[in-house]
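Let me begin by presenting the structure, written as structure tokens, before commenting on it.
Just so it is clear, none of the values below were taken in a lab; they were calculated from the coordinates. Keep in mind the model is a prediction, meaning the values are calculated, not measured. Quick reminder, even Gly has a Cβ in these numbers, built from the backbone with ideal geometry, and neighbours come from all protein chains shown.
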Amino acid sequence: MKIGGAVLLLTLLAAAAAPAQTADWRTWDRYMDNGRRAVAQGREAGAENWFIDAVREAERLDPKSRQLAASLRSLADLYRKQGRHREADALEQRIGAVAPTPGLSVVVAALEGYAVLLRQDGRERDAAVLERQIQGMRAERPGARQSEPLFFSPVAELRSYAQLLRRRNRVAEAQSVDRLASSMAQTLMDRYADLRRQLAAESGSASSSLTWEWQMRGAIETLDTRLYPEAEGFLSDAVKTAETFPAPDVRLAYSLSGLALTYRAQGRRDESSATAQRAMAILETAAGSRHSLSPPSLSVLALAHLQFEFEPARSIAQFERALAILKKDVVADHPVVGLHYAGLAASHLALSQTAQAKPYLDQALAIAEQQYRKDQVPVTLALMKVVDVYADQGNYAQAHLVAQRVVVILTKTRPPNHPDVVMATEADRWLVQRLGRAGERVSLPSATSVPIELAGNAMLVHAQVNRTQRALLLVDTGASTTVLRPLFLARLGTSVPADAPRHRMMLPTGLPIEVQFVTVSVQVGEASVDNLEVGVFDAMPQAPDVDGFLGADFLQRFKVTFERTARRMTLEPMTR
């Protein structure tokens, strides 16, 4: 009997989200509250007893409940704090048996369905980013803890998928995907639910400042994985706590800014606008105080405008108002100033005001490239809005120039698998295709292992360039681009054309340099990438035997494992 794919998926999704039984959990709540209070007071022995009592009560009421998993989690966290890792590991296994997360195959099947719809809607770039994330999920080793927020949150994508299904009147499928998202969100958020309740109860005490800090920490973690409804809960609590501080307090503005972003992300524009106005009034009053939270508050409000329901004219007014505050609080080349310049550039471009946009874009790029730090990331996210606007207008050449520079910055400040890096990389690849250049071709039939040479902390590997010339390359996972030295190209019999494209790169010292690029094929073992653009530069004059370095533009096409002890690097295909 043959079952259609959609019907099968609905069945799997429905099975993944069975409702829990109704029970009286008041005694369990009391045990857990007493345990948390004991931990806060440093009475670890008493906390252990309370958590054990909570485990027993949850086992009595429902041995498959999320409450039992939460009790075991609290006990495991306490054991780890005490250095009792073996006992904590045993509890982790119990947690996995009590509250398993939905099977990977179910989640992947849903996300693959979302990618199909994205392509049908012409959103090929978004689909490519999603498929890269699916590859990462498949590459996750089984048994890894899934209760910690990850760089990539399937929950956020599943929620977007459900919205798209509803717009196509596929209501039953949307409801099933919603249930799957809720099930995964519950697993991710269980460890925060108890914390929220405890912090809310303590918000009126003398420790309200510490309570606010913990509430904001939970909000930031959930915002990082785009769990906006969950972040809203933390931020609402943080606002209530901050409202008890003597006015005006910039901590309240920071909480309100985050809350405004969550509202806007959920399509609640009026609530977002009203909340943002409250935040701006406080920030304008505090202007000149150089409070450390003023710049991040304005950064959050700016990203809310750029990332959700972009309205260029209104955004310009917000950015100019924010810059008036920033000029009193930070230096002229502060990253948050760069973020607002990039926002102004994107807004003016969207209004076809190219002349007004150019100086803002130049200043934003200069600030973003002055040094590589985590606080530069918001500038690059705003610059990606410039890329989007250029691309929407069909100006792929300008979009490509900006995207390339963003990729270089992000690969220095984010891990290679971070969604920001993936998004920028895929955006640039999409733009290259639109420009009509030969696309990269990746080939690896099956896993291949190659020997590596160790030189201190460095790893060297032999590669073939254009399938004719052997090269010794430094493996550099932090470099966005593969680079070959000019002398190697001469041995290869390849010259660099006078009109070869030039792109900006960063030296290890942090200084920018304009480098010419050529297109070659690179092969390591059986893994190859054809039509790969590589930089031509003598990056390591002190190591004349090394022909260049192998960057993330090659390595990210495969699942790579390094075994330093065995002196081996293994590359595996990225299954699609």
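Determine the sum of side-chain charges near Arg269: Lys and Arg each +1, Asp and Glu each -1, restricted to other residues whose C-beta is under 12 angstrom from that of Arg269. Local charge sum for Arg269: -1.
Please give me the summed charge of the neighbours of Gln556: other residues whose Cβ is under 12 Å from its Cβ, Lys and Arg +1, Asp and Glu -1. Don't skip to the answer; put the middle values down first.
Details: positive: Arg132, Arg429, Arg557, Lys559; negative: Glu426, Glu440, Asp553.
So the environment of Gln556 carries a net charge of +1.
Can you pull the percent of Cα pairs in the stretch 18-98 with separation above 14 Å? Intermediate results must be reported in sequence, preceding the final value.
Working: 1915 of 3240 pairs.
Roughly 59 percent, rounded to a whole number.
Give me the dipole magnitude in Debye, nearest 20, for the stretch 441-573 about the Cα centre, with unit charges on the beta carbon: positive for Lys and Arg, negative for Asp and Glu. Before the final figure, lay out each step's value.
Numbers: 12 positive and 13 negative charges, 35 e Å.
The dipole of the stretch 441-573 has a size of about 160 debye.
Using the Karplus relation 6.51 cos²θ - 1.76 cosθ + 1.60 with θ = phi - 60°, the per-residue 3J(HN,Hα) values for the stretch 39-48 come to 4, 4, 8, x, 8, 5, 5, x, 4, 4 Hz, with x marking Gly and Pro. Remark: C-alpha extents of the stretch 303-437 on the principal axes read 45, 33, 24 Å, sorted largest to smallest.
Over the Cα atoms of the stretch 347-400, compute the convex hull volume and normalise it per residue, giving Å³.
Values: hull volume 3.9 nm³, N = 54.
Considering the Cα atoms of the stretch 347-400, their hull volume per residue is 71 Å³.
What is the mean projected area of the alpha carbon convex hull for the stretch 233-364, to one decimal in square nanometres?
Working: hull surface 29.9 nm².
Value for the stretch 233-364: 7.5 nm².
Taking 1.002 mPa s as the viscosity and 20 °C as the temperature, the Stokes-Einstein diffusion coefficient of the stretch 412-496 based on its alpha-carbon Kirkwood radius rounds to 136 µm²/s. The ratio of the alpha-carbon radius of gyration of the stretch 441-573 to the globular-protein estimate 2.2 N^0.38 Å is 1.01.
Rounded to whole Å, the principal axis extents of the Cα atoms in the stretch 194-434 read 57, 36, 34, largest first.
Does anything in the stretch 392-425 have its amide N under 19 Å from the 7 Å Cα→Cβ label point of Thr354, and if so which residues? 392-403, by backbone N distance to the label point.
Among Val116, Val461, the order by Cβ neighbours within 10 angstrom, fewest to most, reads Val116, Val461. For a quick check: with amide H placed at 1.01 Å from N, whose amide H comes under 5 Å from Val475's, ignoring anything fewer than 5 positions away on the same chain? Close amide H contacts, sequence-distant or interchain: Met459, Leu460, Val461, Leu550. Contact order, relative form, for the stretch 441-573: 36 percent (alpha carbon pairs under 8 Å, 6 or more residues apart, mean separation divided by residue count).
Each part gets one Cα centre, and for the stretch 271-325 versus the stretch 458-495 those centres are 47 Å apart. For Gln277 and Asp29, FRET efficiency with R0 = 45 Å and r from the beta-carbon atoms, rounded to 0.05? Step by step, r from the Cβ atoms, then E = 0.75. Among Asp420, Asp545, Asp77, Asp89, sorting on how many other beta-carbon atoms sit within 10 Å of each Cβ, with the fewest leading, yields Asp545, Asp89, Asp77, Asp420.
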